[in-house]
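The values are calculated or read from the model by the stated rules, or taken from the named source; none is laboratory data. The structure displayed is predicted, hence computed values, not measured ones. In this analysis, Cβ positions are derived from the backbone assuming ideal geometry, glycine residues included, and neighbour counts consider all displayed protein chains.
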Ligand code: UD1
């Protein structure tokens, strides 16, 4: 059996790791197409190295582009490779432009499609990732959901066939990739930080950083912080901060420690030692939850409802009083075990290989 995974952005490289291993254990000829949506070493290469990912069979080198052009490039280039590879199924991950482009290529060629992280919703089609999710799920044959809420969301859209609750692949990767405590302490020292005395700050979503007013308000919010915050800056965010004339404000803030994007093990190490995460990222809010680090969400909504409703995260949006509440008095709770479910990769691989494709 031949299965092709289509990946291209940082979070997809991470999720590929456990699923690749599980598929190989199931004796699958598992091949990878890397779209190249992310291409800087710190956004792509470092994950191949740290997570021992297989060398992609093809690199599509789509690079940077506006969303329609990027989806079109992935679709066209992935389709030409899939014709040669003739897989029994294609797997796409998450909600990026590579997800949608890869999904369209597979379905238009009549190849069964599986979607890892199906069913997540923020219910706002103006968010690029939401459009990618909704369209991908609508055309996917095998929908692998990380949470019960994701299954419920699909049901509400009339999608019930091929839906399977698998758990979160990130939960498995995290357990394997978290460096030992001596290494964590070394990293803290290297960055001049003290355990539990700093915040871990990330921003990257286009609906947070592409709008000038919203980014200005976000910067104002961050500027109100009175404690150290480690800020690994995503390339999109850096570009937009410079374009909107906000880079000076951010880079001169003495509480912010601005660094390049981190590798995976460094991210987990430093996040695990932080007092709190401040983020708009889907991945970081789960990793923080699994590491029992409280998260303040710099968005008005979250797709990870179970974490939020059980008390692992707190929605701040752009509200300064909420930020203060989150930083000082809000009570967090990490007892919910529903989404802490090991074995997602094995579950997906077993399911995928047992299907009569
Ligand atoms: C993408 C995904 C988002 C995911 C995120 C993880 C979409 C619509 N969004 O957002 O769901 O959470 O990846 O990071 O697919 N750039 C570089 N070097 C790189 C990669 C990007 O400089 O290695 C710059 C480019 O100038 C590009 C910008 O960052 O224009 C944004 O990159 P893009 O691929 O559009 O998506 P992300 O913002 O990373």
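Whether any residue in the range 128-151 is more than 18 Å from the chain's Cα centre (by Cα), without any contact (Cβ under 8 Å) to a residue 40 or more places away in the chain and within 22 Å of residue 308 (Cβ to Cβ) is what I want to check. There is at least one residue in the range 128-151 that is more than 18 Å from the chain's Cα centre (by Cα), without any contact (Cβ under 8 Å) to a residue 40 or more places away in the chain and within 22 Å of residue 308 (Cβ to Cβ). Determine whether residue 16 is modelled with pLDDT of 95 or more, more than 9 Å from the ligand (Cβ to nearest atom) and in a helix (DSSP H, G or I). It is true that residue 16 is modelled with pLDDT of 95 or more, more than 9 Å from the ligand (Cβ to nearest atom) and in a helix (DSSP H, G or I). With respect to the conditions (1) within 18 Å of residue 16 (Cα to Cα); (2) over 14 Å from the mean Cα position of the chain (by Cα), residue 84 lacks only one, and its number is (1).
Of all positions in the range 238-249, at least one carries a residue that is surrounded by fewer than 21 Cβ atoms within 10 Å (Cβ to Cβ), touching a residue at least 12 places away in the same chain (Cβ under 8 Å), assigned to a helix (DSSP H, G or I) and away from the ligand (no atom under 16 Å from the Cβ).
What about residue 203, is it within 16 Å of the ligand (Cβ to nearest atom), under 21 Å from residue 95 (Cβ atoms) and touching a strand residue (DSSP E or B) at 6+ places or on another chain (Cβ under 9 Å)? Can you show your working first?
Numbers: within 16 Å of the ligand (Cβ to nearest atom): yes; under 21 Å from residue 95 (Cβ atoms): yes; touching a strand residue (DSSP E or B) at 6+ places or on another chain (Cβ under 9 Å): yes.
Criteria met by residue 203.
Considering the range 103-112 alone, what residues qualify as being surrounded by fewer than 24 Cβ atoms within 10 Å (Cβ to Cβ) and not in a loop (DSSP other than H, G, I, E, B)? Talk me through it step by step, then tell me what you get.
First pass over the range 103-112, keeping only residues surrounded by fewer than 24 Cβ atoms within 10 Å (Cβ to Cβ): 104, 107-112.
Within the range 103-112, 104, 107, 108 qualify.
Annotation: residue 267 fulfils all but one of (1) touching a residue at least 12 places away in the same chain (Cβ under 8 Å); (2) more than 18 Å from the chain's Cα centre (by Cα); (3) within 14 Å of the ligand (Cβ to nearest atom); the unmet one is (2). Would you mention how many residues in the range 120-155 are in a loop (DSSP other than H, G, I, E, B), within 13 Å of the ligand (Cβ to nearest atom) and closer than 28 Å to residue 88 by Cα? So the count comes out to 1.
Among the conditions (1) surrounded by 15 or more Cβ atoms within 10 Å (Cβ to Cβ); (2) within 30 Å of residue 353 (Cβ to Cβ), residue 160 misses just one, which is (1).
Across the range 160-199, what is the number of residues that are assigned to a loop (DSSP other than H, G, I, E, B) and either touching a strand residue (DSSP E or B) at 6+ places or on another chain (Cβ under 7 Å) or over 19 Å from residue 347 (Cβ atoms) (or both)? Steps first, please.
Taking the range 160-199 and keeping what is assigned to a loop (DSSP other than H, G, I, E, B), we get 160-162, 166-168, 178-180, 191-198.
Applying the additional criterion that residues be either touching a strand residue (DSSP E or B) at 6+ places or on another chain (Cβ under 7 Å) or over 19 Å from residue 347 (Cβ atoms) (or both) yields 162, 166, 178-180, 191-198.
Qualifying residue count, the range 160-199: 13.
The number of residues in the range 1-13 that are in a strand (DSSP E or B) and surrounded by 21 or more Cβ atoms within 10 Å (Cβ to Cβ) comes to 5.
Results for (1) crowded, with 16+ Cβ neighbours inside 10 Å; (2) under 19 Å from residue 287 (Cβ atoms), shown as yes or no for each residue.
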residue	(1), (2)
143	yes, no
152	no, no
172	yes, yes
182	no, no
188	yes, yes
196	no, yes
209	yes, no
219	yes, no
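Filtering the range 29-43 to residues that are touching a helix residue (DSSP H, G or I) at 6+ places or on another chain (Cβ under 8 Å), surrounded by 19 or more Cβ atoms within 10 Å (Cβ to Cβ) and assigned to a loop (DSSP other than H, G, I, E, B) leaves 35, 37, 38. Filtering the range 32-49 to residues that are more than 19 Å from residue 94 (Cβ to Cβ) and away from the ligand (no atom under 12 Å from the Cβ) leaves only 49. Of all residues in the range 100-117, those satisfying the criterion of being within 11 Å of the ligand (Cβ to nearest atom) and touching a helix residue (DSSP H, G or I) at 6+ places or on another chain (Cβ under 6 Å) are 100, 101.
For the range 58-99, a residue qualifies if it is surrounded by 24 or more Cβ atoms within 10 Å (Cβ to Cβ), outside any loop (DSSP other than H, G, I, E, B) and out of contact with any helix residue (DSSP H, G or I) (no Cβ under 6 Å at 6 or more places or on another chain), and exactly one does: 91.
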